[in-house]
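Just so it is clear, none of the values below were taken in a lab; they were calculated from the coordinates. Only a predicted model underlies this, so the values are computations on that prediction, with no experimental measurement involved.
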Amino acid sequence: MQNVNTQSPPQSSSYRNEPPPESSGQTPREGEPAEQFKFAVNRLAELKEYALYFVTAKLDGIKLSLRNAVIYAGLGIIGALAGGAVIAVAAALLVIGAAHGIGAALGGHAWLGDLIIGVLVLAVVGIGAVMAVKWLTKSFHQQLVNKYQSRQQEQRRTYGHDVQERANEQRASERPIN
């Protein structure tokens with residue numbers, strides 16, 4: 001019977017993470033610089049592969065995050081549309097029901113109920129829109145006034161005067177003296 005070697009085959013030192021064996025003062029063996037060069041090239045290729053692996057994993061993580069964000073945004077939009085549709089249908093049913101109720105109370109004249117409720121809804125929406133625009137305009141104006149008053153206070157604190165005071169001084173110096 002033949003004796004089988006179960007140990008791993010011997011490896012050249014150029015493929016292990018060890019320095020080459022020390023020479024005993026003799027000239028280096030032929031091919032050793034070439035082996036060292038092959039080792040260095042192999043290690044650089046390995047390092048390049050690991051760096052690409054890392055970058056690819058990071059990019060895939062970013063892509064996955066973006067994909068999930070798009071999916072959740074789409075689900076949110078669909079939910080908002082569905083919720084808006086439910087509210088719109090409920091509001092329509094309420095308005096139609098009120099119109100039919102008023103039409104029945106006016107002797108079965110459904111068209112009159114529709115007309116009264118339509119005019120009433122449009123009037124409420126119009127008045128609400130006018131009030132909202134006035135409120136927003138007033139709010140925006142107040143924000144601007146507060147912003148510039150704050151800047152003028154900061155100017156007085158920093159420079160001892162503000163732009164308004166300087167403008168008043170300038171106007172006073174330009175007035176003709178009678």
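Per-structure values
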{"item": "Radius, Kirkwood style, for segment 109-178 when every pair of distinct Cα atoms is counted (Å)", "result": "16.9 Å"}
{"item": "Extension gain (nm, one decimal) between Val130 and Glu169, 0.36 nm per residue minus Cα-Cα", "result": "9.9 nm"}
{"item": "In Hz, Karplus ³J(HN,Hα) per residue of segment 96-106 (6.51, -1.76, 1.60; θ = phi - 60°; x = Gly, Pro)", "result": "5, x, 5, 5, 5, x, 5, x, 5, 5, 9"}
{"item": "Projected area, mean over directions - segment 19-178, Cα convex hull, nm²", "result": "31.6 nm²"}
{"item": "Those lysines that a straight Cα-Cα span of less than 30 Å connects to Lys38, excepting residues fewer than 8 apart in one chain", "result": "Lys48"}
{"item": "Extended-chain gain in nm, criterion 0.36 nm per residue less alpha-carbon gap, Val89 and Phe140", "result": "15.0 nm"}
{"item": "Qualifying lysines (Cα of each under 17 Å from Cα of Lys147; at least 8 residues distant if same chain)", "result": "Lys138"}
{"item": "Rotationally averaged projected area of segment 30-108 (alpha carbon convex hull; nm²)", "result": "5.7 nm²"}
